[in-house]
Each structure stands twice: as structure tokens, then as C-alpha cells.
Ligand code: SF4
Ligand code: SF4
């Protein structure tokens, strides 16, 4: 049985797809978005997050910290161990809830991901993914009920500057995924300091028949505390105000 590195498993999630869901956060991502709100999911290996304000100075760091001042993020799990957690809430998923594979980039651990998906589907669980779309994996996509992906910035040079990779592959993968008959939701994080080309992104997505929804995700600074705990440089982007987001909402759509 395969093992993979999981950062966290969150139960009763309401923002990671339809219905009540369990979100499995895979550890490791080939992108490095400067605004990433899950920076603990970028490295592929377990790492220590430090919260000095919680330290009570007991000096027992070698035995493991019980005050939450030093937390190890990331653990090796088997697909059965992940399934066991997912099954805990099976009765609450009802018709549209289920499991969402997120991260990090779940498709960066494809064999492990596919093994979990197969086990979840065998247990009758709805499966969705949140992906950067840097990878296209037809076998995995065909097993899913929903693909949620980002197109973060239209201009590829700007995309490279802020995420570490160009976006040609991502655009191409969205076009390829559109040919599979699986519903797709595309999102763009909204960060006022970055010119993201939201109008161009919307025009690109509109003709794609399986893109059921294009939505905006206003930036929030939740990742900053985690960046500090990982000793990463803080980014300090602004939270977009309501008027700014409302103006951009003319580009979002839901296909009936
Ligand atoms: S174990 Fe935790 S609380 Fe105790 S000294 Fe180490 S970091 Fe601080
Ligand atoms: S793709 Fe997602 S997880 Fe990866 S660095 Fe960007 S925001 Fe973070």
C-alpha cells in the first residue's frame, strides 16, 4: 500500500466544494505563490512550525511540545489511514458533500492520490479536487466528480513572477480538462497589488462548456501567521475592499 505526505485533514469543511466535506491537504506544491494561504503545504517534507507566543519555557522540546509552540506539519499516511478519517463523516456528506483533495498540489503525489480516490469511490463518496492545474492527469480527472482549479494571473510573465511558474501549461491543461465531461470551477484570488487580467481570464473561460463557474476569491491574510511560524518573509498584501471586488464581479459567471 502506498504512503504519501499529508499536511492536515479537516472535517466539516464548508468552503472546499459543495455540501459538507472532509478536506485532505496534501503536502507539497511545485508552485510558490507569494500570497499562498497554505505555505505549510509548499514543502514536500514534514517541517516544524513555531509559535513562540505559546511557549511556556518548560525546556522539554526533545520530548515533543504540548503547548502548541512547536508543531510538526506533515505526516506519512497510508491510503487506508486517509480513508478511515474520510469515512468518519460519511453520514453527513448526504447527496452533494464528500471529500476534497487539496493542498498543496494533490496531483504531485499521483499514485497515492489515485489509490485514495479508488477507495473513496468504492465507498460511494463524492470526490473533488482543488488543483493549481499545473498537471493534467486524465486517469485521475475521469474518476472525479468536480475539478476546482485556479487561473491566478493572465499574463504568463507576471504569473511566473508571483508563482514561480509560467501559466501556458495551466491554460493548456484547463482546455484539455474541458474536453472531459467533468464539471470545472475556476477561481482567481483577488490581490489589489497584482494586475491579474481578470477580464481576459473570464473571456478565455466563457466558451468552455464544462467550466460551470468562474469565481473570485478575495485575498485574506490568514497565511501570514503561518508564514511567520515557518520563518518565511511576510508579504503584507492589502485585503481588497468591497467596491474593488464588486467592480470585478462583472466578470464572474455561473453556467445554468
Ligand atoms: S516544549 Fe514547547 S513550550 Fe516547552 S520550551 Fe519547547 S517550545 Fe517551549
Ligand atoms: S498553488 Fe496553491 S498551494 Fe501551491 S503555492 Fe500556490 S496557493 Fe500555495
Q: Please state which one of 62, 91 is more than 30 Å from residue 152 (Cβ to Cβ), at pLDDT below 95 and more than 16 Å from ligand 1 (Cβ to nearest atom).
A: 91
(Q) The conditions are (1) in a loop (DSSP other than H, G, I, E, B); (2) surrounded by fewer than 14 Cβ atoms within 10 Å (Cβ to Cβ), and residue 104 fails exactly one of them. Which is it? (A) (2)
Q. Has segment 75-85 got at least one residue that is touching a residue at least 40 places away in the same chain (Cβ under 8 Å), closer than 22 Å to residue 183 by Cβ and not in a loop (DSSP other than H, G, I, E, B)?
A. no
Q. How many residues are crowded, with 18+ Cβ neighbours inside 10 Å and in a loop (DSSP other than H, G, I, E, B) if we restrict to segment 138-166?
A. 5
Q: Considering each residue of segment 180-196, count those that are more than 23 Å from residue 221 (Cβ to Cβ), assigned to a loop (DSSP other than H, G, I, E, B) and either touching a helix residue (DSSP H, G or I) at 6+ places or on another chain (Cβ under 6 Å) or modelled with pLDDT of 95 or more (or both), and give that number.
A: 3
Q. Which one of 71, 82 is in contact with a strand residue (DSSP E or B) (Cβ under 8 Å, 6 or more places away or on another chain), closer than 28 Å to residue 3 by Cα and more than 10 Å from ligand 1 (Cβ to nearest atom)?
A. 82
Q: Kindly list, by first and then second residue, each pair from a residue in segment 7-29 that is within 9 Å of residue 100 (Cβ to Cβ) to a residue that is at pLDDT below 95 and in a strand (DSSP E or B), limited to pairs with Cβ atoms under 6 Å and residues at least 6 apart or on different chains.
A: 21/13; 23/13
Q) Would segment 34-46 turn up any residue that is exposed (fewer than 15 other Cβ atoms within 10 Å of the Cβ) and either within 16 Å of ligand 1 (Cβ to nearest atom) or under 20 Å from residue 218 (Cα atoms) (or both)? A) no
Q. Filter segment 22-46 for residues that are in contact with a helix residue (DSSP H, G or I) (Cβ under 7 Å, 6 or more places away or on another chain) and in a strand (DSSP E or B); which is farthest from ligand 2 (Cβ to nearest atom)?
A. 22
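The values are calculated or read from the model by the stated rules, or taken from the named source; none is laboratory data. Just so it is clear, the structure is predicted and the values come from calculations on it, not from any experiment. In this analysis, Cβ positions are derived from the backbone assuming ideal geometry, glycine residues included, and neighbour counts consider all displayed protein chains.
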